[in-house]
Number of protein chains: 2
Amino acid sequence: MTSAGRGKEGRKDEIAELARRRGFLWQAFEIYGGAAGFYDYGPLGAQLKRRIEEVWRDFYTRERFYEIETTNIVSREIFEASGHLESFADQAVVCKHCKSFFRVGENVNVSEKCPECGGELEAAGEFNLMFQTGIGVQKGESDERTQKKSEGYLRPETAQGIFLNFQRLLRFNRGKLPFGIIQIGKAYRNEISPRKSLIRLREFTMGEAEVFVDPREKNNHPRFEYVKDRMLRLVPAGEGEEEEKSVGEAVRSGIIANEYLGYHISKVGEFLERIGIPRDKLRFRQHRREEMAHYARDCWDAEFLSERYGWMEIVGVADRGDYDLSAHTSFSNVNMSVHAQGDAQGEAEPEKIIPHVIEPSYGIDRIFYALLESSLYEEQVGKEKRKVLRLKSEIAPIKAAVFPLLNRDELKKKAEEVFQKLRAASIFVEYDDSGSIGRRYRRQDEIGTPYCVTIDYETLEDDTVTIRERDTMKQVRVPMVEIKDVLA
Amino acid sequence: MTSAGRGKEGRKDEIAELARRRGFLWQAFEIYGGAAGFYDYGPLGAQLKRRIEEVWRDFYTRERFYEIETTNIVSREIFEASGHLESFADQAVVCKHCKSFFRVGENVNVSEKCPECGGELEAAGEFNLMFQTGIGVQKGESDERTQKKSEGYLRPETAQGIFLNFQRLLRFNRGKLPFGIIQIGKAYRNEISPRKSLIRLREFTMGEAEVFVDPREKNNHPRFEYVKDRMLRLVPAGEGEEEEKSVGEAVRSGIIANEYLGYHISKVGEFLERIGIPRDKLRFRQHRREEMAHYARDCWDAEFLSERYGWMEIVGVADRGDYDLSAHTSFSNVNMSVHAQGDAQGEAEPEKIIPHVIEPSYGIDRIFYALLESSLYEEQVGKEKRKVLRLKSEIAPIKAAVFPLLNRDELKKKAEEVFQKLRAASIFVEYDDSGSIGRRYRRQDEIGTPYCVTIDYETLEDDTVTIRERDTMKQVRVPMVEIKDVLA
């Protein structure tokens with residue numbers, strides 16, 4: 001942010017205001033007063049979010065991951081096995097005066113006064129964070145066992161859908177380890193009192209990758225050499241001191257436990273950089289033992305430095321060990337072990353092992369927020385201020401805007417033609433002929449459109465157009481046939 | 001289906017078996033015994049489904065629709081307004097003997113004997129089809145009003161999310177009608193007893209388009225002339241007699257009520273044809289008054305002729321009139337009327353109108369099923385039979401497979417190179433070196449891969465490869481540099 005004199009509060013409002021006004025996103029059920037923890041993506045927001053997801057999919061597909069799609073509603077027994085029914089819970093406190101509930105942690109504790117009204121707080125027990133629902137006809141008189149059978153939950157992570165299908169996926173990969181599966185989709189957590197807009201949602205989108213690996217091979221990633229020189233800002237759990245190290249060095253010195261974990265931490269860094277998260281606002285922090293999820297052996301968060309929220313998790317990379325496959329083996333009585341190959345030197349006997357899982361888990365909405373926050377600049381241009389969203393061209397919702405210079409039929413007709421041609425070439429362009437050209441530029445700057453193509457009377461004569469670049473505001477005159485190349 | 005002597009039952013098992021074995025889809029929670037109405041898409045199925053969705057998105061984007069993304073969990077008040085709480089319900093019967101529940105309709109009635117055990121059935125009342133959940137901490141002692149406030153439902157259609165945001169979307173479109181919005185996402189219906197695999201799911205994917213139009217303009221679609229000559233097989237509600245008519249003729253003679261409805265029925269036909277639904281297995285049937293949804297004034301279903309299930313709905317095109325916007329206006333007290341332009345002739349005064357909605361609503365999973373069923377052929381090739389999935393190249397999950405002719409290092413290395421190059425060009429290819437070349441061809445035929453690229457010793461000498469086409473099984477020898485062009 002280049003503009004001075006704005007506090008954290010001001011900045012936040014600016015982003016929320018821009019997001020609402022320009023059609024990126026806003027609170028869901030607005031006309032009924034909204035509901036905490038639920039947001040809707042408008043036309044530009046949905047497009048930006050989809051671009052993040054498409055780049056993510058492409059990124060892991062090149063790593064030879066296959067994508068699957070499993071259900072949002074999941075039967076109770078799955079979460080009995082996974083431990084979520086027992087352990088996926090937060091402590092709550094309730095205000096004796098105004099009856100509001102709060103999640104214990106961060107800023108709220110039972111010894112404090114109510115953040116809403118200053119009343120006295122008291123412990124209100126543990127609340128499971130999963131949304132519950134009933135599958136099929138709910139019979140009034142049924143016994144407890146039948147009742148449980150019809151209990152369903154909205155998944156709190158997409159990962160379980162992958163673990164459940166492990167055997168079919170292994171067969172699809174012809175019985176060989178390692179292999180990786182991705183899934184992008186909604187997940188749900190019934191947060192006790194979500195108050196941080198996009199940062200703590202009750203319904204959100206995750207992109208998860210599950211890598212299944214022979215535990216004896218965790219220190220032997222076949223492509224580790226390609227990532228080992230990437231420099232990372234690391235905060236190990238122990239002493240908590242931040243250090244800048246290469247991935248190779250971090251694995252060698254034991255800060256990162258093994259090559260598989262190191263490889264995927266490095267890939268997370270590469271992806272975030274590719275979509276435009278600034279390097280100087282990114283670090284990797286290892287979880288302390290007490291903050292680790294019940295299934296994790298080790299976990300590193302990629303954290304983004306928000307002007308508003310401070311360091312916040314946007315991706316987690318966990319070593320889940322054999323926790324999930326072992327749990328489902330024992331609860332379903334379906335054996336999930338694999339006939340692993342002996343090492344190349346000898347050991348003709350295939351051995352039975354339970355694969356370990358390395359899991360990079362991306363919070364797509366938080367990444368979306370981080371991109372908006374870190375891309376928005378305010379600049380002085382002559383006597384005016386302009387707001388500009390410096391999104392990378394690859395993820396910008398609109399690739400280019402097409403304008404007639406003036407509101408005249410012959411220019412509008414030509415501009416419309418250019419617009420149609422670009423759309424037909426699957427380039428997502430917008431057409432705009434309302435207001436002055438300066439105002440149209442400002443609007444496109446604010447929504448992050450990298451290029452504006454203007455049609456004027458010269459165009460009618462010699463088939464050239466003006467292309468203006470968002471960040472430099474430089475204009476070049478190019479033949480119409482070259483528009484596509486310039487945009488690409 | 002070219003093969004003779006297979007009954008409906010045999011055919012169905014064949015498709016389900018192929019889908020499971022080859023990684024298209026299977027029942028969810030299989031290792032825990034499965035749950036009726038829930039399916040998971042495996043690697044090939046997820047890819048095919050995504051291709052259908054991408055073509056759909058592209059199709060409507062070219063029509064200048066914008067996409068949005070709204071929540072799956074929706075507050076109770078929205079469904080009070082929309083009428084779903086009161087009217088979105090089915091009648092159930094229960095077997096006195098085995099206690100199974102069934103939905104009344106199609107094959108089950110209260111006067112019949114139980115389809116499971118032959119026992120006596122009795123009426124069991126009306127069941128709302130929405131999945132219910134609680135948002136926030138569920139307080140034991142709270143009163144009815146607080147309880148209702150925290151009630152949420154999983155959306156039974158994606159459409160409400162669009163209606164709720166109508167005002168913001170209108171502003172995004174600068175206050176002008178008509179405009180169109182699309183949404184692709186999950187929807188949920190707690191079916192009483194789903195027994196038809198992919199045809200009646202409890203969790204499914206919809207692609208919905210909502211067109212907002214000035215009611216006085218419904219007979220004046222600006223691009224109607226481009227679609228008016230498309231021939232459709234129509235079954236009007238009245239006499240129920242099937243007739244083949246052009247869209248223009250159907251609108252002129254009043255069979256289809258207006259140009260907007262006609263335009264979008266035609267577009268549905270165009271889309272289904274584009275992705276490969278055979279014309280001779282498609283018809284449009286108008287709803288009889290008693291089968292119409294509570295919000296609809298008129299509705300036409302695009303029906304696919306399944307060998308297994310007979311005519312089944314895959315898309316519905318409804319005229320929802322002003323039902324939804326009026327309902328939300330009166331429940332939320334937020335006015336959703338629009339200052340419409342007077343006609344070009346005069347009427348300087350802007351008039352206030354409530355837009356009407358035309359809604360094409362696609363069942364993506366049913367379309368997926370229809371494509372599998374209508375694409376699967378069994379043919380005699382010499383002494384062998386081959387199964388081949390004749391999917392259009394545009395939607396096939398794998399675009400091409402790359403093989404080394406023999407399992408030799410020098411061929412494998414070269415094939416791997418070709419594979420990497422095509423992947424880098426964002427062409428979704430697979431590499432396979434296991435088993436005989438004939439067996440590899442059969443595998444690709446069965447999953448619908450249009451091309452196989454084989455690397456042999458000649459390749460090492462002159463950089464040419466063999467490309468084999470799925471349907472004709474013809475092979476051509478082409479220079480390696482031309483592979484991309486042949487695949488495109």
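The values are calculated or read from the model by the stated rules, or taken from the named source; none is laboratory data. What you are looking at is a predicted structure, and each value in this text was computed from that prediction instead of being measured. Note: ideal-geometry Cβ built from the backbone for every residue, glycine included; neighbour counts use all protein chains shown. Side chains included, ligands, DNA and RNA excluded: accessible areas come from the protein's heavy atoms. Shrake-Rupley method; radii C 1.70, N 1.55, O 1.52, S 1.80 Å.
The figures follow:
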quantity: Residue tally, condition among the basic types (K, R), at pLDDT below 90 and either surrounded by 20 or more Cβ atoms within 10 Å (Cβ to Cβ) or not in a loop (DSSP other than H, G, I, E, B) (or both), over region A:1-48; calculated: 3
quantity: Test result for B:R439, within 21 Å of B:E17 (Cα to Cα), out of contact with any strand residue (DSSP E or B) (no Cβ under 6 Å at 6 or more places or on another chain) and not assigned by TED's automatic domain parsing to the domain that holds B:Q47; calculated: yes
quantity: Subset of region B:28-48 [more than 7 Å from chain A (Cβ to nearest Cβ) and free of Cβ contacts under 8 Å to residues at least 60 places away in the same chain]; calculated: B:E30, B:G33, B:G34
quantity: Selection count, region A:304-318, where residues are open to solvent by less than 10 Å² (accessible area, probe 1.4 Å) and either at positive phi or out of contact with any Ser or Thr (no Cβ under 8 Å at 6 or more places or on another chain) (or both); calculated: 2
quantity: All positions within region A:130-152 that are modelled with pLDDT under 95 and either over 18 Å from B:Q132 (Cβ atoms) or polar (S, T, N, Q) (or both); calculated: A:Q138, A:E141, A:S142, A:D143, A:E144, A:R145, A:T146, A:Q147, A:S150
quantity: Of all residues making up region A:330-365, the number that are at pLDDT 85 or above and farther than 30 Å from A:R202 by Cα; calculated: 13
quantity: B:E203 vs. criteria of a type in the set (D, E), within 14 Å of chain A (Cβ to nearest Cβ) and on the phi < 0 side of the Ramachandran plot; calculated: yes
quantity: Matching option when the condition is under 25 Å from A:G152 (Cα atoms), β-branched (V, I, T) and assigned by TED's automatic domain parsing to the domain that holds B:Y362, among B:I78, B:I31, B:I15, B:I52; calculated: B:I31
quantity: Residue in region B:464-471 that is free of Cβ contacts under 8 Å to residues at least 60 places away in the same chain, farther than 24 Å from B:L48 by Cβ and either part of a loop (DSSP other than H, G, I, E, B) or within 14 Å of another protein chain (Cβ to nearest Cβ) (or both) present; calculated: no
quantity: Matching strands (runs of 3 or more DSSP E) fully within region B:365-427 where at least 2 residues are open to solvent by 20 Å² or more (accessible area, probe 1.4 Å), closer than 15 Å to B:D445 by Cβ and among the basic types (K, R); calculated: B:384-389
quantity: Close pairs (9 angstrom Cβ cut-off, 6 or more residues apart or separate chains): over 22 Å from B:I358 (Cβ atoms) and of a type outside the set (S, T, N, Q) in region B:324-348, modelled with pLDDT of 80 or more and not in a helix (DSSP H, G or I) anywhere; calculated: B:G342/B:E351
quantity: B:W300 vs. criteria open to solvent by 10 Å² or more (accessible area, probe 1.4 Å) and more than 14 Å from chain A (Cβ to nearest Cβ); calculated: no
quantity: Top-ranked residue of region B:154-197 - restricted to ones that are among the aromatic types (F, W, Y) and at the interface with chain A (Cβ under 9 Å from one of its Cβ atoms), ranked as most open to solvent (accessible area, probe 1.4 Å); calculated: B:F172
quantity: Count of region A:428-443 residues which are more than 12 Å from chain B (Cβ to nearest Cβ) and either over 19 Å from A:Y457 (Cβ atoms) or surrounded by 13 or more Cβ atoms within 10 Å (Cβ to Cβ) (or both); calculated: 5
quantity: For A:Y451: the one exception among (1) without any contact (Cβ under 8 Å) to a residue 40 or more places away in the chain; (2) crowded, with 20+ Cβ neighbours inside 10 Å; calculated: (1)
quantity: Meets criteria (closer than 23 Å to B:F212 by Cα, open to solvent by 10 Å² or more (accessible area, probe 1.4 Å) and of a type in the set (D, E, K, R)) for B:D322; calculated: yes
quantity: Residue in region A:219-233 that is at pLDDT 95 or above and either aromatic (F, W, Y) or within 30 Å of A:A36 (Cα to Cα) (or both) present; calculated: yes
